[in-house]
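Down below is the structure, laid out as structure tokens.
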Amino acid sequence: MPTQTSLRTQPLPPDMVAAVDLGSNSFHMIVARIGDGHLQVIDRLKEMVRLGEGLTSERELSPEVAARALACLERFGQRVRDMPHGSVRAVGTNTLRQLRPDDPFVAQAEAALGHPIDVIAGREEARLIYLGVAHGLAAGTERRLVVDIGGGSTELIVGEQFSPRLRESLHMGCVTLSRRHFADGRISARAMERAELAGALEVRPVRELFRRSGWRHAVGSSGTIKAIAGVVNAQGWCDEGISAEALGHLRDALVEFASVEAIALKGLSEERRPVFAGGVAVLRAVFAALGIERMQVSDEALREGLIYEMMGRIRHEDARERTVRSLSRRFGVDRAHAARVEATALSLYGQLAEVWGLADPAWAEMLGWAARLHELGLMIAHSQYQKHGAYVLRSADLSGFTRHEQELLAALVLGHRRRYPVTELRALPTGMQEAGWRLCVILRLAVLMHRGRSAASKPEPRLAVDDNRLSLGFPGDWLGQHPLTQLELEEEAGRLAAAGFALEFA
């Protein structure tokens, strides 16, 4: 039976929500109260875990770092474990993106926290960061550049008001550059130059795109940039925010200290010091590549973005819904036909949801989206179009969707016709597998009912189940009047039998 850790849902609007950010350097959690559409943060927790430094060449976490991270999540879990499912959103970023698919850490982390953890793609992380930062800025229509330096990645976003227009996630952060260029603890002019050049190489593929994007002022977010701002302000090199000149003074000071252990700067915490030089190198590279002269610093970041995203879903402003609509338009999906398939799929789902353990409304959402996108691949080629659609859904940056949600959506679209996608469904997280198998059956039957693509044909089948035995019934002589559908059902019964389902119809 699917677990509550598989998808997120909001059956009843909660009055208390929490967001957890499992970054490559720090873990953050905020707890907020929602009232009349407004957000009031009532608790903040932060621990410097430095998850990224435990990532091995085999894409596993070292036991010491994994233990440190799980201990932190146990402490976070004491605060949110009693909150209802759906009221806590936890996401993993760069380091968790790099873990092997079979690594047990995410499952262990979910048990420690007591809530599901979604591993999000870099551009989805960028979108959520922008959402958090934008809510903390004064209202305005100017185009802004947002830079967020994490432990393992740096996100660049250009947007207006609450809408990101351009997003990129670069594979560099304060932990990764510190490990690569200052691993021996020494800070030399040559080491700093090489670190900045490494950063410049990461920015180079998108440099001109961001330079030409028309942004008017730059905003920085998260711990590295806030730490840099705190130091240059405390040292008197910059009155507010971060200037390019102040960054130059900071770089020179770090080289003069000559080692990580010797760094003694006003405003720099002891826990930030081991990865500070790498963070400065990243920001210097971004300033130089994008021509930034001065940067404002935001108190909001990814975790606030998660909270505002949850508020949007509570108000039925789901980014995933916008993504599905956009994909339908972009790939020329026959939306009238897709709507008929969706209606039938949801009708069948309603008859089975309780018996099949699919009562969580999030399963209905995924089924509906899969029905609306099942013909996505037709624009690429008719032959094996289900494979083309699945590839797009698995590989594209789909705003609002987590990696596991994309994998489920892709598996359903792949499996809506012909071969049942046994391998793909078995590759889903444990909590999604059984639900995925059953949702796939429902979608296949709904698509089959509308193979003729006629708006006049409105089948109203009754579907009953006993474990994996399905009984499909039609009113009157509907099936006799549709012999092609009857033949297709006979063929479908054979395909489902190979997947462990027995289908009877009359």
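Nothing in this text is a laboratory measurement; each read-out follows from the coordinates by a stated rule. Everything numeric in this text was worked out from a predicted model, so none of it was measured. Neighbour counts run over all protein chains shown; Cβ positions are idealised from the backbone, glycine included.
Can you list the lysines whose alpha carbon is less than 19 Å from that of residue 266, not counting same-chain residues fewer than 8 positions off?
226
Rule-of-thumb check for segment 198-302: C-alpha Rg over 2.2 N^0.38 Å?
Rounded to two decimals, the normalised Rg is 1.06.
Tell me the angle of helix 319-330 to the major Cα principal axis of the chain, expressed in degrees between 0 and 90 and rounded to the nearest ten.
Here the helix axis deviates by roughly 70 degrees.
Share of antiparallel DSSP beta bridges in the chain, in percent to the nearest 5?
So the antiparallel bridges amount to about 65 percent of the total.
For 356, 369, what ranking results if the residue with the fewest other Cβ atoms within 10 Å of its Cβ goes first?
Result, fewest neighbours first: 356, 369.
What number in nm² do you get for the chain if you take the convex hull of its Cα atoms and divide its surface by four?
It is 24.9 nm².
Quick one: compute the contact order of the chain, relative version, from alpha carbon pairs under 8 angstrom and 6+ residues apart, as a percent.
Relative CO of the chain lands at 14 percent.
Tell me the relative contact order for segment 318-457 as a rounded percent, counting alpha carbon contacts under 8 Å between residues six or more apart.
28 percent
Roughly what angle does helix 302-314 make with the longest principal axis of the chain, taking Cα atoms, 0 to 90 degrees, to the nearest 10?
For helix 302-314, the angle is close to 30 degrees.
Cut-off is 10 Å between beta-carbons; in what order do 344, 323 appear when sorted fewest neighbours first?
323, 344
Can you tell me what share of the DSSP beta bridges in segment 138-297 is antiparallel? A percent to the nearest 5 is fine.
Taking every DSSP beta bridge within segment 138-297, about 70 percent pair in antiparallel fashion.
Tell me the mean residue ellipticity at 222 nm calculated for the chain from its helices only (DSSP H runs of n ≥ 4, each -39500 (n - 2.57), averaged over every residue, nearest 500).
Here the helix-only value at 222 nm equals -15000 deg cm²/dmol.
In whole angstrom, and with the biggest value first, how far do the Cα coordinates of segment 318-457 range along each principal axis?
On the principal axes, segment 318-457 reaches 35, 33, 31 Å in Cα extent.
Exposure proxy check: 298, 57, 153 ranked by fewest other beta carbons within 10 Å?
Placing the least packed residue first, the sequence is 57, 298, 153.
With an 8 Å Cα cut-off and a minimum separation of 6 or more residues, compute the relative contact order for segment 223-314 in percent.
That works out to 37 percent.
Round to the nearest 10 and give me the degree value, 0 to 90, for the angle of helix 385-395's Cα axis relative to the longest principal axis of the chain.
Long axis of 385-395 versus the principal axis of the chain: about 20 degrees.
Can you compute the charge dipole magnitude of the chain about its Cα centre, using +1 on each Lys and Arg Cβ and -1 on each Asp and Glu Cβ, nothing else charged? Give it in debye, rounded to the nearest 20.
Magnitude of the dipole: close to 1140 debye.
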